[in-house]
1. Is the shape of the range 7-238 best called rounded, prolate or oblate, per the rule: a/c under 1.5 gives rounded, else a/b larger than b/c gives prolate, else oblate, with a ≥ b ≥ c the square roots of the Cα gyration tensor eigenvalues?
2. Rounded to the nearest 5, what is the percent of antiparallel bridges among the DSSP beta bridges in the range 1-152?
3. List, in order, the whole-Hz ³J(HN,Hα) value for each residue of the range 26-42 obtained from phi through the Karplus relation with A = 6.51, B = -1.76, C = 1.60 and θ = phi - 60°; use x for Gly and Pro.
4. Highest mean first, how do 136-142, 196-202, 39-45, 161-167 rank when packing is the count of other Cβ atoms within 10 Å averaged over residues?
5. Between His96 and Glu47, take the C-beta separation as r, use R0 = 45 Å, and let me know the FRET efficiency to the nearest 0.05.
6. Hey, what do the phi angles of the range 204-217 turn into as Karplus ³J(HN,Hα) couplings, whole Hz, using 6.51/-1.76/1.60 and θ = phi - 60°, x for Gly and Pro?
7. Which residues' amide hydrogens lie under 5 Å from the amide hydrogen of Cys61, considering only partners 5 or more residues apart or on another chain, with H built in the peptide plane?
8. Going Cα to Cα from Lys246, which lysines come in below 24 Å? Please leave out same-chain ones fewer than 8 positions away.
Amino acid sequence: MKYAEKTVIVTGAGRGIGKAVAVAYAEEGAKVVVAELDVALGQAVAEEIRAAGGQAEFVACDVSREDEIVALVNHTADQYGTIDILINNAGIANPHTSTFYELSADEWDKVLNTNARSVFLATREAAKFMRSNSDGGSVVNLSSTRSLMSEPDTEAYAASKGAISALTHAMAVTLGEDGITVNCISPGWIETGDYKELREIDHKQHPSGRVGKPEDIARACLYLTAPENNFITGAQLVIDGGMTRKMIYEP
């Protein structure tokens, strides 16, 4: 139970990567705050963790709203005395109906506020409590390989993930003075649906030989936030089965 007595906030913990991260910390003994906009999903994850013998509480939170982030962090600190780890996972994709020429400023702002601004706000608020801990604290931000490469019509999403990567090293330098590490993970293809439905070609296109799973990212979070790994800060860990290192030529 490596994380016994530690308090962890995971945003966007109702499904996919966020859920896997929340479960992984609970299995290691942490007290997990499941922060999620979708009430039904968030409650279900917290109940699943408790049914398995873990400690979890659901808190409804729209991370695009500053007041809700402040309330989430303050509630966690009031309930558990401190905050040790923050996993900034919540995010939304580029609007599927918008091409580059149709993307509105409001749609742009929604993606940037949800994905990038929330990372700044949640870290700012959590760090106020982490800096009082004897061993500081740890923050992990979920960026994406889309901060390094893109498909057409993904400008808002790519910009938000690039901002998260930049925010990570900026906050690592600032918060290092208070004993707080800040790192980011950039996942590639992490299948959050039915893994059995994937085709052989889906797996073979990865140098690793398979498509990623949410648990791959969860294990990386556990690694980056382990107290003995506090020399690692400001890092961007790409977890993509080697895809961004693979040269691809059109036939």
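1. On the way: a/c = 1.40, a/b = 1.25, b/c = 1.12.
Cα axes put the range 7-238 in the rounded bin.
2. 0
3. 5, 5, 9, x, 6, 8, 10, 9, 8, 9, 7, 6, 7, 4, 4, 5, x
4. Values: 136-142: 25.3, 196-202: 9.3, 39-45: 17.4, 161-167: 19.9.
Ranking the peptides 136-142, 196-202, 39-45, 161-167 by packing returns 136-142, 161-167, 39-45, 196-202.
5. Result of the calculation: an efficiency of 0.90.
6. 5, 6, 8, x, 6, x, 7, 6, x, 10, x, 5, 4, 6
7. Amide H neighbours of Cys61, under 5 Å, 5+ apart: Glu36, Leu37.
8. Lys161, Lys204, Lys213
Coordinate-derived values only; no laboratory data. Predicted, not measured: the structure shown is a model, and the values here were computed from it. No Cβ is skipped: glycine too gets one built from the backbone with ideal geometry, and neighbour counts run over all protein chains shown.
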